[in-house]
Each structure stands twice: as C-alpha cells, then as structure tokens.
Amino acid sequence: MKANTRLVSLSTFRHPGAPRMTPGRARWLAAGMIAAGTMLLSPTGALSQVGNPAAAAGVSLETYRFSADETVGLKSIRLTTLPFSAGADLLPSVRLQVRGAFASGQIDRPNGSTARLSGLTDTEVQIEARMGPDRFRVAGVFLLPTGHNRYTTAEADVAGIVASDVLPFRITNWGSGGGFGLHSSLAGTLGDVGLGASTSYLVGREFEVFAGEDAVFRPGSQLTVALAADRNIGRAGKAALQLRMTHYGEDALAGSNLYRSGLRYEALGSYAFAAPRNASAIAYAGVTHRTQGTFLAVPDSVASQNLLLAGAVMRMPFDWGVLVPGLELQALRRSDGTGQGYTASVGGSAERAVGGVVLVPTARARFGRVVVFEGARSGFTGFELGLATRFGRFGS
C-alpha cells in the first residue's frame, strides 16, 4: 500500500500543469520577477520599447474548509498564488510570451498538524511565428525547470491535493521538471463556419521528485490534437464547439517504465450572445473523459473519470469600467467511486483602467462535496479573492 501511494503521488507531477527550485532559491527569484513585472507594467517601462507589449501580474488567495474534517482527515487548505506574464513582438510576425507563478500552499489537519509547500512553478516561454494571412501559426514552447523538486512527504501531500480535479485552483502543480515542444495551428472558413485545428507535442525531462532518493522521474511525452468550429447565429449570437484529444507516453522512474496515463478526450460547447444595456454573455458546457491509467511497475490501475463543466459569464459595461459576474458548476465522477465530488462557484471580477493599466479585482464563493473513499465524505466551503493588473493586450 505504501508503494502504491508513492506511485500515485508521482502521477501528479506531470506536464502540462499550470504555471509551475527549492523554497529558498524560489523566494528570491520570485521577488526579482515581481519587481521586474512592476517595471514592465508601467507604460514607460522597458517592455514599452518593443512592439505590442503586454504584461500582467497579480495575487490571489483561495481557501477551502471541510465540515467533516475528522472523517476525511483534512480541516482546511489555502493557496496563495502570484502569477506573472509578459509578451512582445520581436518582429512583425514573431511574438515572445513568458508566463509563470509563485505559489504557497498549506493544509491543516484535524490533529493540529500542518504541511506547507512554497516555490515557483515551471516558467513557460513561447516564441510564436505567424505566417500567411495570419491563419497559420507555429510556436516553440520551452518549460524552464524553475519549479519545485525534491518533495518531502508533507510537501507531496500538499501538491497532491492541489492537483485534485475536484477543487478548482489557480495552479495544478509546482513543477514537472521542465520540457520543450512544438505547437502549430491553422484557421480558416468554410462558408459561414469558422474552422480551426491545432497540434502540439511536448517532451518532458528527468528530475528528482522526492528528497533523500536518487531515482529520477521522467514524465511521458504528450501529444494533443484539437479541432474547433464556430458560426454566427442571427445578428448577435455565436455558437462554438471545441474538441481535443491528448495522448501521454509512459512515465519512467529510474529508467524503468512506471505509469501509462489514460487518453484524455475533451468537448466544450458555448453560445455567446448580446444582453440588455450593451452587455454580452456566454453560456458553456463541456465534458472531459480520461480513460483508465495503468501502473507498469505494480499490478495496479488508476480509475477512469469524467469531469462535467457548465457555467455562464456576463460582461456589463458601466461608466467606471466593466463588471463580469458569473457562475460555474463542475462535477467529477470516477469509475471506482473515490476522489470525486462537485464544486459550485459564484462571483466574478471587475475591470477598471487607471493610467494605462487595467485593475482586475476578483471575488468568488465556492461550496461543494467530496468523497475521498467509501464512507469518507465531506461538504466544504471556500472563497477566492484576488487582484490583478495588466498592461497591453494578450493573445490574438
């Protein structure tokens, strides 16, 4: 049982986690990046000297408290995240983008014990080239291994809970060892329908996961294929559908094949439409299905699962800025009936421009229920508070 627990922990350290160094080194690196981000955010900063500059930084606090803490062995968890990103055109058709985060998590047990994990996540660097009439794009993706490694048992507990699909968090892990890959996309039209397709391939690198152990872990390579279509409906509506499939290669530990992750299939549909008083809204629903995974080193498997997602968001303009309220419901179901539950979120954000910089405060309340294993279930409540600043425009 102990070996299997360790193997399950290893399966959480996969790319592509969200934005992802020992704690001491991470603290001074994060401080330097935050200071640099503040400089870059200024319209007169260094980034403003290049084409179409953009930068963003912020802070968010997410916390959950469990009602049946003795039953599930967890009283509360909180995560503080400081994300940062920047982008600029190096040439008229070549753009550089960098993103990452510093995160600090803590779990509290019913017996009064705590576990903490702090550090940078891996830093993603992307260099994208736009070709032709901006319909074909190709990008090199580099995951710099600035993330955490050499986890203690307590740190692995924190990382495992944050990686759970039941609880929404700003990040999914602190480090995946870095890697590199290639991403390409093509967009066009067929009559009244807009079409798009993309592929990406990411190769991970070896890194040491657990403190005191020399064995290195290498995540399997990852191949993703996606298709998208959209069509205008009437004079003020648009329907869209996205399909995605991800295949993972075999993870390896100390040079031996360890784990084969299941295939991941995703489908997301949305409908955007005009609302009264110059507002706009979008409603969406989707499902992610992951097939059963298999451990190769021991006779054990990881259950298949389905993650259902539905929600709606509205953008409401006012004289002072924009209000963006929304609600979302996600439900996770696993074939073995464990590690599943649901979460409902309600709240939103606001956007206000101040001197060329957009301020984005965020507040959301969350509640739900989780089943850890048979006979161990609990309700939970939580909230998210955050403040972000951004300068320039990201994306296309």
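A few comments on the model shown:
- Whole-Hz couplings from phi, Karplus 6.51/-1.76/1.60, listed for the stretch 239-245; x for Gly and Pro: 9, 9, 9, 10, 10, 8, 10
- Residue exposure sequence - ASP214, ASP319, ASP165, ASP122 - by fewest surrounding Cβ within 10 Å: ASP319, ASP214, ASP165, ASP122
- By the count of neighbouring beta-carbon atoms within 10 Å, fewest first, SER335, SER118 end up ordered SER335, SER118.
- Cβ crowding within 10 Å averaged over residues, with 139-149, 322-332 ranked highest first: 139-149, 322-332
- Protection proxy ranking for 183-196, 303-316, using the average of other Cβ atoms within 10 Å per residue and placing the highest first: 303-316, 183-196.
Just so you know, all these numbers are worked out from the coordinates, no wet-lab data involved. Predicted model, so just to flag it, every value in this text is computed and none were measured. Because the Cβ atoms are built from the backbone with ideal geometry, glycine has one as well, and the counts that use them run over all protein chains shown.
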